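One structure below.
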Amino acid sequence: MDPFEYFVVLQSLILGLGIAQLLTGAADVISNVKNTKLGVAHTLFVLVVFLMHLQEWWYSYQYIFEIKEWTSPLILFLLVYPILLFLLARMLFPTGLRSHENDLEKYYYDQWKPLFVVMFLIVLMSLLQNVFISGYDWTIQIPQYAMMIVLFGFIGLNVKGKLAHNILQALIFLAWLLAAVLDPLVIK
């Protein structure tokens, strides 16, 4: 096994755990759909986090071309992003003491600040990995800067309005779809 394969196995396990959390939450909703209250913002956020997991899995293949020397600090740095994704996936559905809850809209509005903090950290890690690993210039990280400003703004201004959250999550979801269509990653 070469160093890339060794890394990607661990990364894939972490991403797989995150996807399992999302699919388990979705299965719980589907199996109890009559007693579950869904919300637009929460549902769109779940879809975006799922897409983020798939994108990270897909993009990580590029590291075979981008990284020549694998070190422990580098691997730890690269694992922060999937670990944060897993945490976000785990936090998106009520678990533990809150596992009996089935109003996902209320749950989202109770938990949106911690969710946004983790999302902010994910976007920050994306920016740092793009610059330090993939060699992208700081100046072309405009989507990441914009996302961090919006998330920071929502948290700092304590934006609680459902319409604002629905619009934000819809725009984020549409941006992900647009990015997937306009700029597909081609594996070399």
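The values are calculated or read from the model by the stated rules, or taken from the named source; none is laboratory data. Just so it is clear, the structure is predicted and the values come from calculations on it, not from any experiment. Cβ: placed from backbone, ideal geometry, glycine included. Neighbour counts: every protein chain shown. The area values use the complete protein model at the heavy-atom level, side chains included, leaving out ligands, DNA and RNA. Shrake-Rupley method; radii C 1.70, N 1.55, O 1.52, S 1.80 Å.
Rounded if a/c is under 1.5, else prolate if a/b is larger than b/c, else oblate: which is segment 83-140, with a ≥ b ≥ c the root eigenvalues of its Cα gyration tensor?
Taking the square roots of the gyration eigenvalues as a ≥ b ≥ c, segment 83-140 is prolate.
Which loop-located trypsin sites (Lys or Arg not before Pro) does segment 36-112 contain, where loop means any DSSP state but H, G, I, E or B and the Cβ has at most 11 other Cβ atoms within 10 Å? Display every interim value, and only then the final one.
Details: sites: Lys37, Lys68, Arg90, Arg98, Lys106; in loops: Lys68.
Qualifying residues, ordered by number: Lys68.
For segment 10-17, take each phi angle, set θ = phi - 60°, evaluate the Karplus expression 6.51 cos²θ - 1.76 cosθ + 1.60, and give the result in whole Hz per residue in order, putting x for glycine and proline.
Calculated HN-Hα couplings, in order: 5, 4, 5, 4, 5, 4, x, 5 Hz.
What's the tally of Lys pairs in the chain whose alpha-carbon atoms lie under 24 angstrom apart, where the two lysines are 8 or more places apart or on different chains?
11
Pick the calculated Rg and Dmax of the Cα atoms in Å for this structure from [x] 24.7, 82; [y] 17.2, 53; [z] 16.4, 49?
Recomputing Rg and Dmax of the Cα atoms in Å here gives the entry labelled [y].
What net charge do the residues around Phe154 carry, taking every other residue with its C-beta under 12 Å from that of Phe154, with Lys and Arg at +1 and Asp and Glu at -1?
Residues close to Phe154 contribute a combined charge of +2.
Can you give the accessible area per residue of segment 48-117, in Å², using a 1.4 Å probe?
50
Whole Å is fine, so just give me how far the alpha carbon centre of segment 65-130 lies from that of segment 1-62.
10
Go through segment 161-173 residue by residue and turn each phi into a ³J(HN,Hα) via Karplus (6.51, -1.76, 1.60, θ = phi - 60°); whole Hz please, and just put x for glycine and proline.
In residue order, the calculated couplings are x, 4, 4, 4, 5, 4, 5, 4, 5, 5, 5, 5, 4 Hz.
Asp103's amide H: which non-local residues (gap 5+, or another chain) put their own amide H closer than 5 Å, with H modeled 1.01 Å from N in plane and none for Pro or chain starts?
Lys37
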